[in-house]
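Working notes for the structure below.
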Amino acid sequence: MARRSQRKGDEILPNQARFGQTLRLYLRALAMNWRANRRLALFSWGLVLLGALTVPLQIWITAFVIDGIAALTGQTSAAGQNLLLPLALATLIWVVGQVIAELDMEVRELLSEQAGDYNRRLIFGKATTLDLAFFESPSFHDLFTVAKSEAYRVRSLAYQFTVLVQHTITVVSLFALLAPINLWIPIILLLTALPRLVGVLHFNRKKAELYLSNIPEERMTYYLAWLMGERDPVKEIRLFQTHDYLIDRMHRAHRKYFSKLLKIVVSQEKWLTLFTLIMAAGTAFIWVSTGLQALAGLITLGSVALIFQGVERSRESLFQFGYTGGYFAENTVYLQTLFKFLDLSPASVAGALARSPEAAGVSADLTGTIRLDHVSFRYPGSEEAVLSDVSFTIQPGETVALVGENGAGKTTLVKLLTRLYDPTEGVITIAGRDLRLVDPQRYHQQIGVIFQDFSRYDLTVRENIGFGNLAELDNAARVRQAAEMSGAAEMIEAMPQQYDTMLGRVFYENAKDLSGGEWQKIALARAFMRDVPLLILDEPTAALDAFAENAVYNRFAELTKGRTTIFVTHRLSSVRMAQKILVLKAGRLIEVGNHDELMAQGGEYARMFRTQAERYQSGGE
């Protein structure tokens, strides 16, 4: 006997734990709505409470009036004056109920807007705290997609919760009116409604789980839709005529998902139709019984009216209770995913940056030597080393060029030097301090960077440049200085609104469209916005024409004066001014020296330089 009880207890505990987890989930979601706007949340909940009480009050007063009218049959009209107050009160309650319903709808809409804004800030704020390694993970993108696209469920949960509370109060109040007349009425209503509620909970949860399992395909659909809606991909899609293929691929993905959804919906409707019929049968039984009792003179006309109205409104509330409960079950699945995203630990992904308490608030001493000691690196989830046993030093104020064939590891090395990743093996030190013992945020404020795949913001020129140093975004002189350093000032000042000109053609018809080279000048200006001791430039002139590139490199010594500068380039004619050239091949550092030294060695650098020179001389470029 004791053994059976123990087994039963083991079965109950997981359900209790699951209930506790779900409850905490809902309370956390409601707290998010509360923090979004406390006044609106309080006002909304107050309206819900008042609205829930108007229905049973109105039914109770109506029954009282009907009994009063029946009692006054055959008496003088003067006696009927006693019913004027109840009639006036019934009318007042009805008017109040209408006003509350209207106010409640508007307040919910306002609260929904506030909650939506709060949730977006929370989600994207969290994303900014996560290392680049997360964004290399498909499973993270699945999580992030659900968090972004389904965040509205947090604010809709507040609405659903208020609806649930409203219907609960209404049902409890109506049952309190019906039970004294006949206790079996609320019992029958509850028992016949229960199967439908359980069915809705089950099927809504299954639909939510199906959606989450389909997120990778859903992301692919979003990506294909993005391709066909963006200007740059559209050029190739039109020329190669791949639009029909892409549309068909979207359709195939949807059809696969739809076929699974259809099976759930068909099964759901079979069961819910049966459960609805059971509920209707219970209601019909109550009505027939009430009619027979009235004919037998066992209950008054007022009680008949109360039962008919009370049963109907109870049935409606229980029906809606089932729908809302179903949404709760569905939202539970989504909220678990959302909060899993919001609770991600920065260290919970392979390749995350090391975070030591010793590093908090510590800046790098960039007046010291930068040293890489036997550095190797593999991207998270890959066994292939992108960099292998790389060692070199960079002295303060030195200009260093990284060169090598495509895939040699140059951009990966830039990611390590900018501390977007930590080495898999080996160590990077600055002034003798391990870079892992430097605060990443502080370090990022100390360096100026331009990447090969730099961002093009469809915002104003001022914002595109000023993003390099937000503290100086409104400093017109500083923004203009950065533009002059990159060679973009003349182009910008020829624009109608100059630094307030919108770039790109996504949002406004009168925005300015730029060529690839012009965008690169803007990106270069962004890097120059910071007066920092370390500049790291990955292919800073790749999109510039020969004249513009020459102008930049002619001023390179002036632009980088007093700074340690590391730049990556494929155009070897531009590396001659570098004091040190690092040659990478297949992830290994194979040569180090200046231009003359490397040419004298006759190695990989000399071979690449002569190959490019021959192409220029023969008209190959």
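The values are calculated or read from the model by the stated rules, or taken from the named source; none is laboratory data. Everything numeric here is computed off the predicted structure, so don't read it as measured data. Here the Cβ positions follow ideal geometry from the backbone for every residue, glycine too, while neighbour counts run over all protein chains shown. Side chains included, ligands, DNA and RNA excluded: accessible areas come from the protein's heavy atoms. Shrake-Rupley method; radii C 1.70, N 1.55, O 1.52, S 1.80 Å.
Data for the structure
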{"read-out": "Under the span-like rule (Cα at least 24 Å along the axis, Kyte-Doolittle mean at least -0.5), DSSP H helices of the chain", "value": "38-71, 84-127, 152-178, 184-213, 243-295, 301-342"}
{"read-out": "Value of Rg to Rh for the chain (Rh from inverse mean 1/r over Cα pairs, i.e. Kirkwood)", "value": "1.15"}
{"read-out": "The chain - accessible surface per residue (Å², probe 1.4 Å)", "value": "53"}
{"read-out": "Electrostatic dipole magnitude of the chain [Cβ: Lys, Arg +1; Asp, Glu -1; Cα centre; debye, to 20]", "value": "1960"}
{"read-out": "Packing rank of 600-606, 371-377, 400-406, where each peptide gets the mean count of other beta carbons within 10 Å, highest leading", "value": "400-406, 371-377, 600-606"}
{"read-out": "DSSP bridge pairs, the chain: antiparallel proportion in percent, nearest 5", "value": "50"}
{"read-out": "Signed unit charges on C-beta, dipole axis of the stretch 246-314, positive-most listed residue Ser289, Met279, Thr300", "value": "Met279"}
{"read-out": "Accessible-area composition of the chain, carbon plus sulfur, in percent [1.4 Å probe]", "value": "58"}
{"read-out": "Net charge dipole size for the stretch 88-216 [Lys, Arg +1 and Asp, Glu -1 on Cβ; Debye, nearest 20]", "value": "340"}
{"read-out": "Too-long pairs where the Cα-Cα distance tops 18 Å, listed order kept, from Lys207/Lys260; Lys521/Lys580; Lys126/Lys148; Lys260/Lys340; Lys415/Lys521; Lys263/Lys340", "value": "Lys521/Lys580; Lys260/Lys340; Lys415/Lys521; Lys263/Lys340"}
{"read-out": "Dipole in debye (nearest 20) - the stretch 365-493, about Cα centre, beta carbon charges: Lys, Arg +1; Asp, Glu -1", "value": "200"}
{"read-out": "Over the stretch 402-513: Rg over Rh, Cα atoms, Kirkwood Rh", "value": "1.07"}
{"read-out": "Among Phe339, Gly381, Ala354 - extreme Cα towards positive end, dipole of the stretch 311-390, charges at beta-carbon", "value": "Phe339"}
{"read-out": "Ranked packing of 568-581, 124-137, most packed first, by mean Cβ within 10 Å", "value": "568-581, 124-137"}
{"read-out": "Of Trp34, Tyr118, Pro540, farthest towards positive along the dipole that unit charges on Lys, Arg, Asp, Glu beta carbons give the chain", "value": "Trp34"}
{"read-out": "Per-residue ³J(HN,Hα) for the stretch 355-369, Karplus 6.51 cos²θ - 1.76 cosθ + 1.60, θ = phi - 60°, Hz, x for Gly and Pro", "value": "10, 10, x, 5, 8, 4, x, 8, 9, 8, 8, 7, 7, x, 7"}
